[in-house]
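Colleague: Right, I'll just put the structure down here and ask away after.
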Amino acid sequence: MCLWTIGLFPAYVGLLLVIGGAIYLPSAASAHRADVEVRQNGAPATGEIVEIGRASTPGGGRGGGSTTYYPVTEQEIRGVHTRTEWRHYASTESGLWVVGRQLPLLYDMGGSTRMVIDTPEASALLGRKVRSFQLGLLYGAPASVVGFGMVYTGRRMNPDAREKRARARALRSKQLRRRTP
């Protein structure tokens, strides 16, 4: 087995981790930051879970991936009845959210529309998401660099590949000589 073949696995897995982290980390970090800020100065409210939303996460191959569940609540804040889909609080644990359950909420009194679910489980869920995307970046970037380095080095060291490159160069130069009068 060649060095470049061995390097393919960490190269592509690392690349997927980096792409996933780069796409999802900003959203998760923003939700976590809002959670921390609203907890410091937020006013209490109560929402009732009226529905459990579902979303599918992509996975490799047919039937891969998983389903995540998030609460949909109705609440009255400052005399206004609202409905909120809490997608940032999505979890693969189907029993975490139960229809009919009263959820303690906190909302930003400064007039913004920021609200958070005021439970330790919800805060921990946001923190875990941020950490998992950070770890994806932390482990994915070096794995990708090392893997692609192995691929590049293995291809350069492979005698068969060197012969193919030499033949391709010779063929290109031969074709160029034919074209010039």
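Values quoted throughout were computed directly from the atomic coordinates according to the rules given, and no laboratory measurement underlies them. Predicted, not measured: the structure shown is a model, and the values here were computed from it. Cβ atoms come from the backbone with ideal geometry, glycine included; neighbour counts cover every protein chain shown.
Colleague: Could you state the number of Å between the C-alpha centres of segment 66-129 and segment 1-50?
Modeller: 18 Å
Colleague: With each run of n ≥ 4 DSSP H residues scored as -39500 (n - 2.57), what mean residue ellipticity at 222 nm is computed for the chain after dividing by its residue count and rounding to the nearest 500 deg cm²/dmol?
Modeller: Helices in the chain give a 222 nm mean residue ellipticity of -19500 deg cm²/dmol.
Colleague: Give me the net charge of G95's neighbourhood, meaning all other residues with Cβ under 13 Å from the Cβ of G95; Lys, Arg count +1, Asp, Glu -1.
Modeller: Around G95, the charge tally is -1.
Colleague: What spacing in nm lies between the two simple spin-label points modelled at T46 and E85, each 7 Å away from Cα in the Cβ direction?
Modeller: If labels sit at T46 and E85, their model points lie 2.7 nm apart.
Colleague: Please quote Rg/Rh for segment 115-154 to two decimal places, taking the Kirkwood radius as Rh and restricting both calculations to Cα atoms.
Modeller: Result for segment 115-154 is an Rg/Rh of 1.37.
Colleague: Going 7 Å from the Cα of R165 toward and past its Cβ, which residues in segment 136-151 have a backbone nitrogen under 13 Å from where you end up?
Modeller: Residues 151 qualify, since their backbone N sits under 13 Å from the label point.
Colleague: Here is a further query. Dividing the Cα convex hull volume of the chain by residue count, how many Å³ per residue is that?
Modeller: Spread over its residues, the Cα hull of the chain gives 203 Å³ apiece.
Colleague: Between L8 and A22, 0.36 nm times their residue separation minus their Cα-Cα distance comes to what?
Modeller: Contour length minus the Cα-Cα distance gives 2.9 nm.
Colleague: Amide H to amide H, which residues 5 or more places from G47 or on other chains are under 5 Å from it, using H placed in the peptide plane?
Modeller: Sorted by chain and number, the residues that satisfy this are L103, L105.
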